[in-house]
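See structure below.
The values are calculated or read from the model by the stated rules, or taken from the named source; none is laboratory data. Values in this document were obtained by computation on a predicted structure and should not be read as measured data. So basically every Cβ, Gly included, is an ideal-geometry build from the backbone, and we count neighbours across all protein chains shown.
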Amino acid sequence: MQRRLFISKSLGVAVLGGTLPAAFARAAAAQTTPGAATAGNRVLVVVQMSGGNDGLNTVVPYTDDAYHRVRPVIALDPKTVLRIDDRIGFNPALSGLAQLFHDGHVALVQAVGYPSPNLSHFEATQIWETASPDRPQQYGWIGRYLDRVYPLGTKPASPFEAVALGDTLPAALVASHVDVPAIGALGAFAYNTGRDLASKRSAGALYDGASGGGSPYLAMIADTAREAYHGGDLLRAKIAGYTTSVTYPTDGFAQQLRLAAQLIGTNAGAQIVFVSLGSFDTHAGQRAQQDRLLGLLGNGLAAFYKDLAAHGNDGRVLTLTFSEFGRRVEQNASNGTDHGTAMPLFVVGGAVHGGVYGEHPSLTDLDHGNLRFATDFRSVYATVIERWLGRSAADVLGGTFPHLDFV
Amino acid sequence: MIGKLDTSTDPQVGFRPAGSLDVSTALSPFGGRFGPRQAAHLLRRAGFGGSAADVAALVPLGAQHAVDAFLHPTVPDVEFADYPPELATVPPNMYGVRVRAVQHWWLDRMLRTRRPLVEKIALFWHGHFATAASKVPPEYMARQIDLFRLQGLGNFRTLLASVTTDPAMLIWLDNRYNAKAHPNENYAREVMELFALGLGNYTEDDVREAARAFTGWTLKNGEAVFNPKAHDDGLKAFLGRTGPFGGGDVIAIIVEQPIHQRFIARKLLEFFVYSDPEPELIESLASVYALAGFDLARTVATILRSNVFYSNRAYRALPKSPIEFAIGTLRYLGVTTVPDNLPIVLARMGQEPINPPSVKGWDGGPAWINTTTMLARFNYVNALMATTAPTLAPDAIVRAAGGYDAARVVEVLVSGALQDDVTADARATLTGYLESSGASAAGATANPLPFGYENYQEKIRGAVALTLNLPVNQLN
């Protein structure tokens, strides 16, 4: 915590000269760190499908008459779905994910939800991200996990061990004392002075020379300022040695996954990465919007998996998708769907036991027009925390939940 | 009931200033020197900071009269719309635009008002009764902020009663659905846990009984209405008392609890004075609050006039919240227009107004400070200095410095912005920056001269940004 990087206090400007401080440069000498999954190097990637993804047009019950009856316009043509079995199949936009499924790398968990579902975007997102349906929680489920892995006074070896790819920190990663950086664009993750490079150098000198003082907060602020200032350069240096032959799609989501693969495959040492895709809030004209987004999801995850595999990292990375809720079973008057409840989620990885977990939810036995959930989302989290990350989940989740066997 | 303050989830615990407190004189009126440091401290804590001229104008008043200027302002305020005018024209389905309108309306008041304590206390109560536009339509949020502005320095018992029937709160914590036939405990629980008593100082039975007392309120055409038929007028046993209580009775019982008085005293001290205040100091302020009959103006006045408020223990002892940092920066520079993207930038800094993350509000203290939010603060200042034309223009700074003298320019900046709370090393770095040749990589050969007429504009803007981005300027 009290790391000091006094470079040259008098005229550090010239000394720094746009290069990294020595301590950072040593740490940053880019090597890649592939390898098999061990408890210590396993990675969790969380993909948020924000806005509420319609599960019934994601994993389609294509032979169910009820499906075609309640969705006369927006139902998928049974001939087009990518069959999983003789009852359900993937939306064809998910061809990339379907291929991974057929290769045995995807667990499809059906009808995930929780009791007394909340249909507000904000509140449902909070519930999923804090794993707390009953009471508001200040810290996210991953934040609480991190707080336990790194008790007060300790910190991760790399500042990029847990990162959110985006401009703001999602609730899932809010921790009481672990500093999780939110990285929007790689180039924007920097102390930005435009073309005034002398100003940037001087800021570095000011932060490298800053120390605590009478205020109880000054030392913490000086440390954080230093890390924030050098963080972007450190990150770019750490991932600089990474090359890939995989061509990712050019959309923002796939590019986030590309950065995730770099963060994982280098000594940036990422172990938790949060990415998001949206908006799945398809109240009107659902097919075009959702199919486009599912295409981004499937193709992005396929490229990501291929890249991980090419670097020998597929076996130590587990990717989990979630959305704050599924959507109403019946289509609405605008050829869309309104907010609903349970939906399927995907777990992707070389170590994942592929297959379908749970029954497809009934379209006739409904709760106020909504699907009934079968698997509590906290069971998925508990499985990930205990079986994948190797920590106790009960204190993180505030209770015990039965495991699934996808890993 | 004696009770104990629950501080287990307060991240500010552990950030109490070092040294010991003389509690016997802590809340006595301060009679010491009131120089620029003390004046700037008062401006930051009771308001949102100010320009060097604002600080200079307070100094001759002395501490007690300066506090009077905040508490009993005699200057007419700037004319503001009572209600964001865009809400009348932007349709409800443009929800995000309406949210931005309310945010701009309030940020503009914080920036330009001559009565900053009114907005400051509104911000305090907004964090305390944390209600968010993520659930509550923005037109109700605007009315709630206005409520905090009008009653934030009134009587807490009245304020809590007003909050109970505030439409935004009726929506936020579902009390509009709380009826005799199907009670909803959400509001009753948070009144006790988060608004007035703290965890551990009531039972689940108290929650159920208070929820019964709060039944009967609902919303009609956007207004709170009381429906006697939906109200449970039976006997309730609440915090050791029994009667056919209504919401007002429950509130009256709550504020009489010594634990409530300490709960509010602690929150005010953490907002205005320093983190994790000593139990003796809390006790002392709780007595002031109780003796004042829960009058907030008198309680806050006691804080702002006190020895402990002007002590070294309190000086720069808190981190600025993002709103304090952002508005303070604009006020120092004399920028009088809220940047269009400020709500988005504030979200990156971790404090989007009218959108607190949960009913617990913002954690504050160390939770404001992490690498992501710090970069957001730095780049906010950098972008501002690259794009705006502040009153504190390079020309004005050169005039104040008496010429193109780098060291004198630095003195103008560190005294005006930071009351000289800057180390000699940092001053040397700032001076070195001004004297370094070339304002930019592109200009390095075009402007071989160090700080001088050719490139002074850009250089001074850079020096202002560096000054405002010093770690000490993150402290309030």
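Listed residues B:Asp82, B:Asp77, B:Asp68, B:Asp6; which is surrounded by fewer than 19 Cβ atoms within 10 Å (Cβ to Cβ), in the same structural domain as B:Leu150 (by TED's automatic domain parsing), within 24 Å of B:Ser321 (Cβ to Cβ) and charged (D, E, K, R)?
Matching residue, one of B:Asp82, B:Asp77, B:Asp68, B:Asp6: B:Asp77.
Out of segment B:356-391, which residues are outside any helix (DSSP H, G or I), more than 9 Å from chain A (Cβ to nearest Cβ) and touching a helix residue (DSSP H, G or I) at 6+ places or on another chain (Cβ under 6 Å)?
Those that are outside any helix (DSSP H, G or I), more than 9 Å from chain A (Cβ to nearest Cβ) and touching a helix residue (DSSP H, G or I) at 6+ places or on another chain (Cβ under 6 Å): B:Gly361, B:Trp362, B:Pro390.
Only one of these is farther than 30 Å from B:Leu392 by Cα, more than 22 Å from the chain's Cα centre (by Cα) and either surrounded by fewer than 18 Cβ atoms within 10 Å (Cβ to Cβ) or away from chain A (no Cβ under 14 Å) (or both): B:Ala56, B:Ala88. Name it.
Just a single option satisfies the conditions, and that option is B:Ala88.
Considering only segment A:62-72, state which residues are surrounded by 12 or more Cβ atoms within 10 Å (Cβ to Cβ) and touching a residue at least 60 places away in the same chain (Cβ under 8 Å).
Step one: list which residues in segment A:62-72 are surrounded by 12 or more Cβ atoms within 10 Å (Cβ to Cβ), which gives A:62-64, A:66-71.
A:Asp64, A:Ala66, A:Tyr67, A:Val70, A:Arg71 - these are the residues of segment A:62-72 that are surrounded by 12 or more Cβ atoms within 10 Å (Cβ to Cβ) and touching a residue at least 60 places away in the same chain (Cβ under 8 Å).
If I filter segment A:177-209 down to residues being facing chain B (nearest Cβ under 8 Å) and closer than 20 Å to A:Thr125 by Cβ, which single residue comes out as surrounded by the most Cβ atoms within 10 Å (Cβ to Cβ)?
A:Val180
Could you check how many residues of segment A:218-275 are of a type in the set (S, T, N, Q), farther than 28 Å from A:Ser50 by Cβ and free of Cβ contacts under 8 Å to residues at least 40 places away in the same chain?
Counting residues in segment A:218-275 that are of a type in the set (S, T, N, Q), farther than 28 Å from A:Ser50 by Cβ and free of Cβ contacts under 8 Å to residues at least 40 places away in the same chain gives 1.
Just to be sure, is B:Ala18 within 14 Å of another protein chain (Cβ to nearest Cβ), at pLDDT below 95 and outside any helix (DSSP H, G or I)?
Taking the combined requirement at face value, the residue satisfies it.
Given the structure, is B:Ser306 hydroxyl-bearing (Ser, Thr, Tyr), buried (at least 23 other Cβ atoms within 10 Å of the Cβ) and not assigned by TED's automatic domain parsing to the domain that holds B:Leu413?
yes
Considering only residues of segment A:229-266 that are among the small types (Gly, Ala, Ser) and within 14 Å of chain B (Cβ to nearest Cβ), which is farthest from A:Gly153 (Cα to Cα)?
This residue is A:Gly232.
Can you list the strands (runs of 3 or more DSSP E) found entirely within segment A:308-407 that contain at least 2 residues being more than 21 Å from the chain's Cα centre (by Cα)?
Fully inside segment A:308-407 and qualifying: A:355-357.
So which residues in segment A:48-78 are polar (S, T, N, Q) and more than 17 Å from A:Ala288 (Cα to Cα), if there are any at all? Steps first, answer last, please.
Filtering segment A:48-78 down to residues polar (S, T, N, Q) leaves A:48, A:50, A:53, A:57-58, A:63.
A:Gln48, A:Thr63 - these are the residues of segment A:48-78 that are polar (S, T, N, Q) and more than 17 Å from A:Ala288 (Cα to Cα).
Would you be able to tell me the number of residues in segment A:35-51 that are assigned to a loop (DSSP other than H, G, I, E, B), modelled with pLDDT of 95 or more and not charged (D, E, K, R)?
0
Strands (runs of 3 or more DSSP E) wholly in segment B:207-283 with at least 1 residues that are more than 26 Å from the chain's Cα centre (by Cα), of a type in the set (Gly, Ala, Ser) and within 21 Å of B:Phe156 (Cβ to Cβ) - which ones?
So the answer is B:223-226.
Output yes when any residue across segment B:168-185 is surrounded by fewer than 23 Cβ atoms within 10 Å (Cβ to Cβ), within 21 Å of the chain's Cα centre (by Cα) and free of Cβ contacts under 8 Å to residues at least 12 places away in the same chain, and no when none is.
no
Out of all the residues in segment B:10-50, which are among the polar types (S, T, N, Q) and without any contact (Cβ under 8 Å) to a residue 40 or more places away in the chain?
If the condition is that a residue be among the polar types (S, T, N, Q) and without any contact (Cβ under 8 Å) to a residue 40 or more places away in the chain, then B:Ser20, B:Ser24 are the ones that fit.
State whether the residues of segment B:231-241 include one that is touching a residue at least 12 places away in the same chain (Cβ under 8 Å), more than 20 Å from B:Asp6 (Cα to Cα) and aromatic (Phe, Trp, Tyr).
As a first pass, look at segment B:231-241 and keep what is touching a residue at least 12 places away in the same chain (Cβ under 8 Å): B:231-234, B:236-241.
Among the residues that remain, those that are also more than 20 Å from B:Asp6 (Cα to Cα) are: B:231-234, B:236-238, B:240-241.
Applying the additional criterion that residues be aromatic (Phe, Trp, Tyr) yields B:238.
Within segment B:231-241 (the criterion being touching a residue at least 12 places away in the same chain (Cβ under 8 Å), more than 20 Å from B:Asp6 (Cα to Cα) and aromatic (Phe, Trp, Tyr)), the answer is yes, since at least one residue qualifies.
Quick one: which residue in B:Ala142, B:Ala133, B:Ala122 is within 16 Å of B:His104 (Cα to Cα), touching a Lys or Arg at 6+ places or on another chain (Cβ under 9 Å) and assigned to a helix (DSSP H, G or I)?
Working: B:Ala142 fails: touching a Lys or Arg at 6+ places or on another chain (Cβ under 9 Å); B:Ala133 fails: assigned to a helix (DSSP H, G or I).
Step by step, each of B:Ala142, B:Ala133, B:Ala122 is checked, and only B:Ala122 is within 16 Å of B:His104 (Cα to Cα), touching a Lys or Arg at 6+ places or on another chain (Cβ under 9 Å) and assigned to a helix (DSSP H, G or I).
Picking from B:Pro394, B:Pro353, which residue would you name as being at pLDDT 95 or above, more than 12 Å from chain A (Cβ to nearest Cβ), out of contact with any Leu (no Cβ under 6 Å at 6 or more places or on another chain) and farther than 30 Å from B:Phe30 by Cβ?
B:Pro353
Would you check which residues across segment A:210-228 are buried (at least 23 other Cβ atoms within 10 Å of the Cβ) and at the interface with chain B (Cβ under 7 Å from one of its Cβ atoms) and list them?
A:Ala210, A:Ser215, A:Pro216, A:Tyr217, A:Ile221, A:Ala222, A:Thr224, A:Ala225, A:Ala228
Restricting attention to segment B:144-157, which residues are crowded, with 18+ Cβ neighbours inside 10 Å and within 12 Å of B:Ala122 (Cβ to Cβ)?
B:Gln144, B:Ile145, B:Leu147, B:Phe148, B:Arg149, B:Gln151, B:Gly152, B:Leu153
For a quick check of your reading of the model, give me the residue pairs whose first member lies in segment B:404-427 and is touching a residue at least 12 places away in the same chain (Cβ under 8 Å) and more than 13 Å from chain A (Cβ to nearest Cβ), whose second is of a type in the set (Lys, Arg) and surrounded by fewer than 20 Cβ atoms within 10 Å (Cβ to Cβ), with beta-carbon atoms closer than 6 Å and at least 6 apart or on different chains.
B:Gln419/B:Arg37
Would you check if there is a residue in segment B:73-83 being closer than 30 Å to B:Val288 by Cα, among the hydroxyl-bearing types (Ser, Thr, Tyr) and modelled with pLDDT under 95?
Yes, some residue in segment B:73-83 is closer than 30 Å to B:Val288 by Cα, among the hydroxyl-bearing types (Ser, Thr, Tyr) and modelled with pLDDT under 95.
Would segment B:293-308 turn up any residue that is within 14 Å of another protein chain (Cβ to nearest Cβ) and touching a residue at least 60 places away in the same chain (Cβ under 8 Å)?
Looking through segment B:293-308, none of the residues is within 14 Å of another protein chain (Cβ to nearest Cβ) and touching a residue at least 60 places away in the same chain (Cβ under 8 Å).
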